[in-house]
Structure formats: structure tokens, C-alpha cells
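Engineer: Sharing a structure below in C-alpha cells format, with a few things to ask.
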Amino acid sequence: MIVDFLVIGSGIAGLSFALKAANLGSVCVITKKGEVDTATNLAQGGVAAVFDKDDSYEEHIRDTLEAGAGICDEGVVGMVVRDGPERVRELMKMGVEFMREKNGGLNLGREGGHSRRRVAHSFDLTGKEIERALVENIEKCSGVQILENHMCADLLISSESEGRRKCIGASVIDDQGELKPILAKITVLCTGGAGKVYLYTSNPDIATGDGVAVAYRVGAEVANMEFVQFHPTCLYHHKAKNFLISEAVRGEGGILLNEAKERFMKRYEPEKLELATRDKVARAIDREMKTSGADCVYLDISHKDGNFVRERFPNIYSKCLSLGLDITKEPIPVVPAAHYLCGGVKTDVWGRTTLKNLFALGETSCTGLHGANRLASNSLLEAIVYAERAYQYCKKNLVWKTEENLTPNLQKRTVKERIDEEILINHNWDVIRRTMWNYVGIVRKTSRLLVARERIDDVRKEIDEIIEKYQLTTNMLELRNISLVASLIIDAALQRKESRGLHYIKDFPEKL
Ligand code: SIN
């Protein structure tokens with residue numbers, strides 16, 4: 001298959017870009033599972049943008065820079081913040097319904113690190129509402145083909161005469177398990193994050209860092225991989241997998257309590273309390289749990305009016321109730337869990353990576369917006385702003401040459417036997433995720449990072465042998481990807497000899 005645009009991933013970044021790119025040429029979106037199996041679909045919070053008359057771009061910029069702990073790209077922050085409201089209006093034009101005030105204005109939520117209410121949201125189902133609207137638009141758009149159950153195995157690269165390597169599409173495992181090339185003039189990585197590198201995560205199962213891994217393997221630059229954001233409040237319940245309790249609950253007055261029912265954030269962040277930035281809240285919870293030996297802390301919103309809680313958080317309310325927990329009457333047991341990868345494939349202000357014709361958008365990318373710690377609800381914002389930037393770049397700069405050389409340099413894979421023992425794969429998933437959770441978590445130490453590196457290196461050798469020997473499966477590819485991303489996180493963490501933002505390392509507790 002040959003297309004103009006190959007978009008890998010069907011979350012907010014991928015679908016927003018695909019809808020726009022359809023004005024320029026043929027678009028194929030591939031997605032590993034169903035089109036809505038994305039991190040976007042699970043996003044509860046919303047999109048941060050300046051809408052309140054008392055808010056200002058300067059304040060949103062300042063909050064983003066403060067959360068980013070000194071390593072955001074200030075030009076990028078200003079650009080994203082200023083473009084934000086227009087892109088949110090565009091979502092509304094596409095049919096996204098945000099919660100409104102009685103006067104018709106947007107109801108703006110508050111989250112940690114924001115000095116103002118500025119989060120446009122659809123109650124606690126914002127991502128689902130955005131994904132719904134985008135999918136509906138895509139279904140009406142004849143220029144976009146969506147291939148479900150298709151996974152990118154590797155990017156296809158060709159060298160130009162002057163030596164610069166360019167991406168010409170991807171080698172893809174299709175829904176029959178067959179490997180085939182999809183050639184494209186432009187390839188866009190929008191595969192989301194890598195939460196599955198950790199044992200506990202708020203992310204969906206698809207979050208295996210595929211975009212970062214495939215880009216890195218062909219030589220694209222990646223950056224800031226040490227900055228993994230742990231969301232402070234994921235539901236702690238043996239029957240709940242990956243269920244987030246939105247930061248908006250704290251934004252609406254939820255308080256954190258330890259086992260002794262003490263509001264411990266008073267000791268850590270006496271001014272901002274539960275609305276300090278995520279790195280600080282997650283670290284405080286980690287400390288409380290380690291000191292007391294408790295399995296969780298508690299998030300309590302039961303002091304607020306029950307009708308308000310039910311109306312504002314319908315999803316969280318009903319999920320908890322289904323587990324026997326009435327959040328209008330009792331505190332919610334919560335723990336931090338891996339939530340967002342602030343690093344990723346390095347891009348310029350147009351979403352271009354260091355490889356020609358390869359773009360990266362959304363959580364897969366590292367644009368410079370988030371620095372060492374992403375401000376809450378800046379990620380959906382980044383995705384829509386950069387989808388537009390990448391589209392504008394393609395519109396202005398791409399002249400399709402009919403004779404464009406898209407000949408792939410495909411390595412012939414000999415026919416191999418099918419793996420008969422999935423346990424070989426599943427065991428390694430477990431080793432990686434436990435090692436990362438126990439040794440490369442919220443609080444780090446050089447000696448533990450070195451242990452983790454050794455373990456992950458061993459696992460990577462084993463995975464390479466499996467891949468060499470057996471017929472490729474998506475499970476193997478995901479395992480190879482998370483193991484590579486795990487080692488990129490460890491190496492970056494070892495290189496940063498200071499504590500900054502999300503990277504806290506005991507040996508170097510100060511920010512340089
Ligand atoms: C949340 O609702 O707490 C998540 C929002 C985000 O990660 O930006």
C-alpha cells in the first residue's frame with residue numbers, strides 16, 4: 001500500500017492530524033487495537049486553555065514553566081498557550097461538548113499547578129467525548145482509511161543521495177499477523193505514552209512506548225526520558241485496573257489523608273496543599289506510604305454536596321459505587337501510578353523529528369512544552385496544537401513529486417516457527433514492569449538504577465533471541481518496545497546528576 005500520510009495511532013493527536021491531512025492527500029491511520037483503544041479515551045481531566053476573563057496567557061505560561069522546573073522551551077510554551085483557545089474552539093466546531101455554565105460559557109475546572117480555573121472539560125469523561133467527536137468526523141471523511149489491529153513493527157528508512165536518512169513508511173503487522181510494508185511520503189508517530197513500562201499505571205494496555213522505540217531504533221533523537229510523571233491518585237482496589245481519580249477531584253476541594261486521617265499535604269506544601277504540582281504531591285504520598293507502611297492514602301471529597309459530586313464526577317462516582325465505595329460518603333483509597341511520559345521523540349516547533357519526513361505528535365513527542373514535569377491538562381492541548389502545526393507545515397512545504405522514491409529497503413525475514421510458549425514473553429513483561437516499579441520509580445537511587453539496568457539488559461538479550469528465532473507477534477514487538485523504553489528511561493535517569501521535576505534521585509537531592 002502507498003499513501004501520502006501514514007498516521008500511527010488513533011488518539012487525539014493522530015485523529016486530529018488525520019482529519020486535517022485529508023485535505024492534502026490520502027491518509028491511512030493504523031491502530032494496534034480498536035480505534036478508541038487509546039489513552040485519550042481514558043483522559044478524565046480536560047484541555048487547559050485561557051478562557052476566563054480574569055486569566056491571561058502570561059499566567060498559563062508561568063504555571064507551565066514553574067511545573068516544568070526550568071527546562072521547558074519558553075518559545076514553545078508561549079506558542080502552545082497562545083494557540084490553545086483557537087484549537088479548543090476548533091474541537092467544539094467538530095462537535096465536542098464541553099461542560100457549560102448556565103450562561104453558556106465554558107465551565108472551567110481547576111487542577112494542580114494551575115493558579116486559575118482553566119481546564120475545559122466534559123465532566124470526568126473529557127477524553128471519551130473528544131475521541132467520540134473525532135471518530136464521528138473521521139467516519140464521515142472519505143480521505144481517511146483506518147486499519148484496526150495493525151501494529152507498526154519498524155519504520156522504513158531510505159538514504160537520500162546527500163546522506164540524510166528519511167522515513168518512507170512502516171513495516172506493519174496486520175490483523176492476520178502478516179508483516180507488510182505501508183509506504184508513505186509522511187509518517188506521523190502518535191502512539192501515546194509508555195505507562196505499561198511500570199507495574200502500576202493509569203494507562204491503557206496499548207501504552208507500550210511503540211513510537212519512541214521504533215523512532216529510536218532508526219536513529220531519531222529522543223529526549224527527557226527520565227521524566228516519567230506519576231499521577232498521585234489512582235484508585236487502590238484489587239478489582240480496579242488502571243482507574244484514575246482525576247486531579248479535578250482535588251481541584252474541586254478533595255483533600256488527601258493518610259492512614260491516621262491526617263491532612264499530610266500541610267507538612268509538605270503548606271500553601272498549595274493538594275494542588276501543588278504532581279511531582280510534589282506524588283512524592284509526598286510516596287513518603288507517607290513508605291513511612292507508615294500503609295498500602296495507600298485517601299482522597300476525601302465526602303464533605304462536598306453529594307449532588308454536586310455525582311454531577312461533576314459521574315464516571316468516578318459510578319465506578320467507585322460499582323466497587324462498593326460511595327465517594328459522597330467515604331474517602332477513596334488511592335496510590336500514585338505511572339501516568340505520562342514527559343520525554344519522547346524530539347521534535348521542532350512543527351512536530352518534525354530529526355529524521356526527514358517523520359513527525360511525532362502528542363505524548364510520543366518531546367516538544368519542549370513539559371520540561372521536567374507536565375502541567376495537568378496541558379497534554380491534550382499540546383496534541384491539538386501540534387496536529388495543526390504539523391498540518392500547516394505539510395501544507396506549506398510539501399510538494400508531492402510523482403517520481404518520489406519510496407522503494408523500501410526491506411530485510412527478508414525467513415519463515416520461522418510460531419512461538420509455542422507464551423510464558424517466555426509474559427515472564428519478561430513481568431520482570432520489566434516490576435523492575436521499573438521497584439527500582440526506577442518516584443524516588444530513585446543510583447545503585448538501584450544500576451541494578452535495574454543490568455536486569456533490563458538481560459531481558460533485552462533474551463527478547464532479541466526470541467525475535468530472532470520465532471515468527472513475530474504483536475506481543476513480542478510490544479515487549480521489545482517496552483524493554484527499550486525502560487532502558488532509555490534508566491540511562492537518562494543515570495545521566496541526570498541532580499533532582500529536578502519528576503526526576504528525584506537520593507544521591508543528588510538538589511537541583512543544579
Ligand atoms: C486527571 O484528570 O487528573 C488527568 C489529567 C492529566 O493528566 O492532565
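Engineer: Being in a helix (DSSP H, G or I), within 16 Å of the ligand (Cβ to nearest atom) and open to solvent by less than 20 Å² (accessible area, probe 1.4 Å) is the filter here, so list the residues in segment 9-46 that pass it.
Structural biologist: At the first step, the residues of segment 9-46 found to be in a helix (DSSP H, G or I) are 12-21, 39-42.
Imposing the further condition that a residue be within 16 Å of the ligand (Cβ to nearest atom) reduces the set to 12-13, 39-42.
Across segment 9-46, the qualifying residues are 12, 13, 40.
Conditions (1) closer than 30 Å to residue 499 by Cβ; (2) touching a Ser or Thr at 6+ places or on another chain (Cβ under 8 Å); (3) surrounded by fewer than 15 Cβ atoms within 10 Å (Cβ to Cβ), marked per residue:
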{"site": "48", "(1), (2), (3)": "yes, yes, no"}
{"site": "53", "(1), (2), (3)": "no, no, yes"}
{"site": "59", "(1), (2), (3)": "yes, yes, no"}
{"site": "62", "(1), (2), (3)": "yes, yes, yes"}
{"site": "73", "(1), (2), (3)": "yes, yes, no"}
{"site": "76", "(1), (2), (3)": "yes, yes, no"}
{"site": "79", "(1), (2), (3)": "yes, no, no"}
{"site": "88", "(1), (2), (3)": "no, no, no"}
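Engineer: With the checklist (1) of a type in the set (A, V, I, L, M); (2) under 26 Å from the mean Cα position of the chain (by Cα); (3) within 16 Å of the ligand (Cβ to nearest atom) in hand, flag the one item residue 301 doesn't pass.
Structural biologist: If we test residue 301 against (1) of a type in the set (A, V, I, L, M); (2) under 26 Å from the mean Cα position of the chain (by Cα); (3) within 16 Å of the ligand (Cβ to nearest atom), just (2) comes out false.
Engineer: Being out of contact with any helix residue (DSSP H, G or I) (no Cβ under 6 Å at 6 or more places or on another chain) and at pLDDT below 95: is that true of residue 409 here?
Structural biologist: Details: out of contact with any helix residue (DSSP H, G or I) (no Cβ under 6 Å at 6 or more places or on another chain): yes; at pLDDT below 95: yes.
Spelling it out, residue 409 is indeed out of contact with any helix residue (DSSP H, G or I) (no Cβ under 6 Å at 6 or more places or on another chain) and at pLDDT below 95.
Engineer: Considering each residue of segment 95-111, count those that are open to solvent by less than 50 Å² (accessible area, probe 1.4 Å) and under 16 Å from residue 40 (Cβ atoms), and give that number. Full working, then the answer.
Structural biologist: Filtering segment 95-111 for residues open to solvent by less than 50 Å² (accessible area, probe 1.4 Å) gives 95-96, 98-99, 104-109, 111.
Adding the requirement that they be under 16 Å from residue 40 (Cβ atoms) leaves 95-96, 98.
Counting residues in segment 95-111 that are open to solvent by less than 50 Å² (accessible area, probe 1.4 Å) and under 16 Å from residue 40 (Cβ atoms) gives 3.
Engineer: Looking at (1) under 22 Å from residue 340 (Cα atoms); (2) open to solvent by less than 60 Å² (accessible area, probe 1.4 Å), which is the one condition that is false for residue 280?
Structural biologist: (2)
A quick yes/no check of all residues on (1) on the phi < 0 side of the Ramachandran plot; (2) over 23 Å from the mean Cα position of the chain (by Cα):
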residue	(1), (2)
116	yes, yes
121	yes, no
124	yes, no
146	yes, no
153	yes, no
156	yes, yes
177	no, yes
195	yes, no
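Engineer: Still on this structure, I have one more. Residue 208 - would you say it is within 30 Å of residue 45 (Cβ to Cβ) and part of a strand (DSSP E or B)? Let's see the steps before the verdict.
Structural biologist: Working: within 30 Å of residue 45 (Cβ to Cβ): yes; part of a strand (DSSP E or B): no.
No.
Engineer: Just the residues that are more than 16 Å from the ligand (Cβ to nearest atom) and either open to solvent by less than 10 Å² (accessible area, probe 1.4 Å) or farther than 22 Å from residue 8 by Cβ (or both), please, taken from segment 211-237.
Structural biologist: Restricting attention to segment 211-237, the residues satisfying the condition of being more than 16 Å from the ligand (Cβ to nearest atom) are 211-226, 237.
If the condition is that a residue be more than 16 Å from the ligand (Cβ to nearest atom) and either open to solvent by less than 10 Å² (accessible area, probe 1.4 Å) or farther than 22 Å from residue 8 by Cβ (or both), then 211, 212, 213, 214, 215, 220, 225, 226, 237 are the ones that fit.
Engineer: Hey, any hits in segment 220-240 for a residue that's of a type in the set (Ser, Thr, Tyr) and farther than 30 Å from residue 44 by Cβ?
Structural biologist: Our first condition is that a residue be of a type in the set (Ser, Thr, Tyr); within segment 220-240, this holds for 233, 236.
Checking the rest, the ones that are also farther than 30 Å from residue 44 by Cβ come to none.
No, because not a single residue in segment 220-240 is of a type in the set (Ser, Thr, Tyr) and farther than 30 Å from residue 44 by Cβ.
Engineer: Using the structure shown, decide if residue 200 is open to solvent by 10 Å² or more (accessible area, probe 1.4 Å), within 16 Å of the ligand (Cβ to nearest atom) and either in contact (Cβ under 8 Å) with a residue 40 or more places away in the chain or not β-branched (Val, Ile, Thr) (or both).
Structural biologist: Working: open to solvent by 10 Å² or more (accessible area, probe 1.4 Å): yes; within 16 Å of the ligand (Cβ to nearest atom): yes; either in contact (Cβ under 8 Å) with a residue 40 or more places away in the chain or not β-branched (Val, Ile, Thr) (or both): yes.
Criteria met by residue 200.
The values are calculated or read from the model by the stated rules, or taken from the named source; none is laboratory data. Remember, it's a predicted structure, so these values are computed and weren't measured experimentally. Because the Cβ atoms are built from the backbone with ideal geometry, glycine has one as well, and the counts that use them run over all protein chains shown. Keep in mind that these areas ignore ligands, DNA and RNA; they rest on the heavy atoms of the full protein, side chains included. Shrake-Rupley method; radii C 1.70, N 1.55, O 1.52, S 1.80 Å.
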